[in-house]
Amino acid sequence: MASILIIEDESGICRLLTQILRKAGHESSYCLTLADGLREVFAKPYEIVLLDVQLPDGNGLDAIGKIKGASSTPEVIILTGSGSPDGAESAIRWGAWDYIEKPASPKKILLPVIRALEYRSAKISKSQLVTLDRHEIIGDAPAIRTCIYYLAQASRSDVNVLITGETGTGKELFARALHTNSPRRTKPFVVVDCAALPESIVESLLFGHEKGAFTGADKSTDGMIKQAHGGTLFLDEVGELPQSLQKAFLRVLQEHRFRPVGSKHEETSEFRLIAATNRDLDQMAAAETFRKDLLFRIRSFPIELPPLRERRQDIRQLTTHYLAKACGKARIPTKGFSPDFFETLETHDWPGNVRELFGVLQSALASGYDDPILYPLHLPVEIRAKAARFFLSNRAVHGKKSAPPGERPCSNEPLPLFEQYRKMLLENGEKKYFSEIVSRAGGNVLEACSISGLSRSRLYHFLRKHDLSVCKETTPAESADEQ
């Protein structure tokens, strides 16, 4: 018997599903709103969640990651009356087990439930209890927990992994954690920064060279591919790999054989590949600046890291962890924090993500080096100025003026919780931003991706979230022809 939660706003459908599941021998509960469903899934261990898309207080697709982040890691089956190809694709990409369009027969409902339960049973019986070395990966937000789950899956095999995400989200950190948790942990972890490869000697750096192969080659040298033999080769910023090398590297991936510069003989290197990029490789492949066949090879197992603004609840944990280490390194007492220190940090959008946060904390530590407690005053003026604008904008949204010093506000209107209030403002700002993106892009998906700096999948996620759409996908060349 399995424990199954239904999140669906139509009570009649909930009662029908409950009857079907109970006849099949399962325990079933239901919630009529997304908020109630999220509270329930984190309060009790559920194995399956049947999730509607159009709920009165949110889109079910946006909650898949949160639901899978619950301690019981339930499988999610999307159940909706407004099926669409985009919705089905998005559901699977976000980790749903299946996508069923209503109305559905009992058989169509039970079949994916049975298969999901069989999968969970097999996974539990075959898995061994292994403590995952998170390798400095800090945070417990649902989005980051999902990434850690995928990391654990990928670490058990030699599958090629592509880690994507904005600059500063921790792609190399995840790559090192993958290596540390893999059977190759005792072998080399070789980092290749594709953005810093000098074109004149790039082949020598990757493939190595023989003595006398070129001027200055006074001895034979192993390249990075050879150095990674038995271990992991990490291609950082793989989108910057020169086109002249992409075909040659594809062959190395296929056969694990290569020829050093100036050599008459081929050598072998048995390595595991992890690649990372902050660029949209699909868009680059469409523009023929990145080989499609190479993309398919390196993206056997994708992991997309969330930006810090989508995991703000981790800011406190990241802050305390980083400053504890920094204080220990500087041999000074660990700092305390005022409540508004964290509040100020949490209002910032962090375009540079965790890397930017750590830079700001380093500045705050230098500013408050002799002080036992850190206050907003110790943060850079840009952060404090934006926080002041944020708090004043909050008052403006509700038509309130800030009270003079020492005076109490006269309104008795109840205020929402801070997290609810901030979420509302951020969502309103997001919708306005993406509405402007759609308007400026003239309905062109590629143009919208270019303006926003988002991948196509991320763009579609936000457009669906705010009920916006773009209507065509033309290349820059096509746009020029139309004009």
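Observations
- Taking the criterion of being more than 12 Å from residue 336 (Cα to Cα) and of a type in the set (A, V, I, L, M), the residues of the range 365-389 that qualify are 366, 377, 379, 381, 383, 385, 387, 388.
- Sole residue being surrounded by 20 or more Cβ atoms within 10 Å (Cβ to Cβ) and over 11 Å from residue 262 (Cα atoms), chosen from 233, 205: 233
- Checking 183, 242, 188 one by one, the residue that is surrounded by fewer than 20 Cβ atoms within 10 Å (Cβ to Cβ), under 27 Å from the mean Cα position of the chain (by Cα), farther than 30 Å from residue 460 by Cβ and at pLDDT 95 or above is 188 and no other.
- Any hit, the range 265-277, residues being among the hydroxyl-bearing types (Ser, Thr, Tyr) and within 22 Å of the chain's Cα centre (by Cα): yes
- Sub-7 Å Cβ pairs linking a first residue in the range 279-297 that is without any contact (Cβ under 8 Å) to a residue 40 or more places away in the chain and in the same structural domain as residue 158 (by TED's automatic domain parsing) to a second residue that is loosely packed, with under 13 Cβ neighbours inside 10 Å and of a type outside the set (D, E, K, R), at least 6 apart or interchain, number zero.
- Applying the condition of being in contact with a Phe, Trp or Tyr (Cβ under 8 Å, 6 or more places away or on another chain) and touching a residue at least 40 places away in the same chain (Cβ under 8 Å) to the range 253-272 and asking which residue is farthest from residue 161 (Cα to Cα) yields 262.
- On the stretch given as the range 278-299, residues that are closer than 19 Å to residue 199 by Cβ and surrounded by 15 or more Cβ atoms within 10 Å (Cβ to Cβ) total 5.
- The residue that is surrounded by the most Cβ atoms within 10 Å (Cβ to Cβ), counting only those in the range 321-342 that are assigned to a helix (DSSP H, G or I) and at pLDDT below 90, is 340.
Yes/no matrix, rows are residues, columns are (1) within 30 Å of residue 170 (Cβ to Cβ); (2) at pLDDT below 90; (3) out of contact with any strand residue (DSSP E or B) (no Cβ under 6 Å at 6 or more places or on another chain); (4) not assigned by TED's automatic domain parsing to the domain that holds residue 197:
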residue	(1), (2), (3), (4)
218	no, yes, yes, no
229	yes, no, yes, no
259	no, no, yes, no
264	no, yes, yes, no
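- Some residue of the range 158-168 being surrounded by fewer than 18 Cβ atoms within 10 Å (Cβ to Cβ), modelled with pLDDT of 95 or more, within 22 Å of residue 206 (Cα to Cα) and acidic (Asp, Glu): no
- Answer residue from the range 446-483, given it is surrounded by fewer than 19 Cβ atoms within 10 Å (Cβ to Cβ) and among the β-branched types (Val, Ile, Thr) and is modelled with the highest pLDDT among those: 451
- Conditions (1) of a type outside the set (Gly, Ala, Ser); (2) within 20 Å of residue 120 (Cα to Cα); (3) modelled with pLDDT of 90 or more; number of the one not met by residue 75: (3)
- Scanning the range 262-320 for residues being assigned to a loop (DSSP other than H, G, I, E, B) and more than 30 Å from residue 214 (Cα to Cα) gives a total of 11.
- Subset of the range 430-452 that is touching a residue at least 24 places away in the same chain (Cβ under 8 Å) and among the charged types (D, E, K, R) - its residue that is farthest from residue 462 (Cα to Cα): 447
- Only one of the listed residues (253, 205) is in a helix (DSSP H, G or I) and either touching an Asp or Glu at 6+ places or on another chain (Cβ under 7 Å) or within 24 Å of residue 180 (Cβ to Cβ) (or both). That residue is 253.
The values are calculated or read from the model by the stated rules, or taken from the named source; none is laboratory data. Source: prediction; values computed, not measured. When we count neighbours, we look across all protein chains shown, and the Cβ atoms used for this are built from the backbone with ideal geometry, even at glycine.
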